[in-house]
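Student: Provided herewith is a single structure, encoded as C-alpha cells, for subsequent inquiry.
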Amino acid sequence: MDDEQIPADYSEMDIIAAKQFDKKVKENFMPAIISTVKQIVEDYGDLEGVGVDVGCGTAVFAIELCRHSKLKLYALEKEKAISEIARINIEKEQMTNRITPVLGDAHNLPFENEFADFIISRGSYHCWDDKVHVFKEIYRVLKKGGIAFVGGGFGRYITYEELKRVKSLRDRSLGEKGVKAYGSPDKLREILDHANITDYRIIFSETDLWAEMKK
Ligand SMILES: C[S@@+](CC[C@H](N)C(=O)[O-])C[C@H]1O[C@@H](n2cnc3c(N)ncnc32)[C@H](O)[C@@H]1O
C-alpha cells in the first residue's frame, strides 16, 4: 500500500488491515473530525437522546461526538473487522455505556421506525450502491423532530493548511468515484428528491458536502 494513502478498500480488510486503517485515520483525520463535531455541536446545540452513526468505521468520529454531546450512540458498520476495531476503541475510551457497536448494512438498518433523535453519516455515502434506498432507510429510522446529517467533509473549523493536506490525502485515497460524490451537490439533491424527502437542506462549501434532513 502507498504510504501516502488511507486504505479505502473496506470490504477487503482483515483485522490487521483494519488496525492499520484505524491508525491512519487517527494520525491524519483528527483535525477534520474535531472540526466537524465542533460544527455539529454549534449548529444543533446540546444533542441528547438516541443517535446512530451510519458507516462509523472504527468509531473515532462517534467517540468524539459522544465526548461533546449527551447522545447514546449506535455505531453501525458493515465490515466485521472494522466493527471489531470500533468495539476495541469504544472499550479503550471507556465509552461502552454510551456507544454500542452494531454490525449491519446501511441498506437495511437494523432499527425500528423513528428510533433515533440524531443520525450522522460521515464519509460513507460514496460507498452506497443504492443511495436513494439508504436515504429512505435513514429517514425511516429518524424520529419526528429529529435531525439527520449525511455526507462528508472536514468541517468549517479546519485551518486552511490542514484542509489542503487532508483534502489531497482524501482525494488520493478515495479515488475518482469518491471525489465526484463529495463534489456533486446536484446529484445529492436528486437522490433526496427520489427518496421523497422534502424537509432537507444541502450544505456545500470548499470543505464539505452534507444533506441536513429534518422530520
Ligand atoms: C471513510 S470510512 C468513514 C468512517 C467514519 N464515518 C469517519 O467519519 O471517520 C467509511 C466507512 O463506511 C463503511 N460502509 C460503507 N458502506 C457501508 C454500508 N452499506 N453499510 C454500513 N457501513 C458502510 C465502510 O466500511 C467504512 O468503514
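The values are calculated or read from the model by the stated rules, or taken from the named source; none is laboratory data. On a predicted model such as this, the values are computed, not experimentally measured, just so you know. Note that each Cβ is placed from the backbone with ideal geometry, even for glycine, and that neighbours are counted across all protein chains shown.
Student: Restricted to the stretch 103-128, and to residues that are of a type in the set (D, E, K, R) and more than 20 Å from residue 70 (Cα to Cα), which residue is surrounded by the fewest Cβ atoms within 10 Å (Cβ to Cβ)?
Tutor: Filtering first and then ranking leaves 112.
Student: Take residue 145 and decide whether it is on the phi > 0 side of the Ramachandran plot and touching a Ser or Thr at 6+ places or on another chain (Cβ under 9 Å).
Tutor: No, not satisfied.
Student: Identify, by number, the condition in (1) without any contact (Cβ under 8 Å) to a residue 60 or more places away in the chain; (2) in a strand (DSSP E or B); (3) closer than 23 Å to residue 59 by Cβ that residue 201 doesn't meet.
Tutor: Against the list (1) without any contact (Cβ under 8 Å) to a residue 60 or more places away in the chain; (2) in a strand (DSSP E or B); (3) closer than 23 Å to residue 59 by Cβ, residue 201 comes up short only on (3).
Student: For residues that are within 7 Å of the ligand (Cβ to nearest atom) and among the small types (Gly, Ala, Ser), tally how many sit in the stretch 102-120.
Tutor: The total comes to 2.
Student: Got a number for residues in the stretch 35-59 being more than 22 Å from residue 146 (Cβ to Cβ) and surrounded by fewer than 19 Cβ atoms within 10 Å (Cβ to Cβ)?
Tutor: The number of residues fulfilling the criteria is 0.
Student: Further, regarding this structure: One residue is enough: does the stretch 115-123 have a residue meeting the conditions farther than 17 Å from residue 57 by Cα and at pLDDT below 95?
Tutor: no
Student: I've got another one for you. Tally the residues that are crowded, with 24+ Cβ neighbours inside 10 Å and under 20 Å from residue 12 (Cα atoms), restricting the search to the stretch 76-92.
Tutor: Within the stretch 76-92, the subset crowded, with 24+ Cβ neighbours inside 10 Å is 76-77, 82, 85-86, 90.
Applying the additional criterion that residues be under 20 Å from residue 12 (Cα atoms) yields 76-77, 82, 85-86.
Total meeting the criteria: 5.
Student: Out of the residues in the stretch 1-47 that are small (Gly, Ala, Ser), near the ligand (Cβ under 10 Å from one of its atoms) and within 16 Å of the chain's Cα centre (by Cα), which is nearest to residue 88 (Cα to Cα)?
Tutor: Top of the filtered list is 8.
Student: In the stretch 140-168, how many are in contact with a helix residue (DSSP H, G or I) (Cβ under 6 Å, 6 or more places away or on another chain), part of a helix (DSSP H, G or I) and closer than 21 Å to residue 56 by Cα?
Tutor: Qualifying residue count for the region: 1.
Student: Would you be able to say whether some residue in the stretch 48-67 is in contact (Cβ under 8 Å) with a residue 60 or more places away in the chain, within 14 Å of the ligand (Cβ to nearest atom) and of a type in the set (Ser, Thr, Tyr)?
Tutor: No, the stretch 48-67 contains no residue that is in contact (Cβ under 8 Å) with a residue 60 or more places away in the chain, within 14 Å of the ligand (Cβ to nearest atom) and of a type in the set (Ser, Thr, Tyr).
Student: State all residues of the stretch 121-161 that are basic (Lys, Arg) and within 9 Å of the ligand (Cβ to nearest atom); if no residue qualifies, say none.
Tutor: If the condition is that a residue be basic (Lys, Arg) and within 9 Å of the ligand (Cβ to nearest atom), then 122 is the only one that fits.
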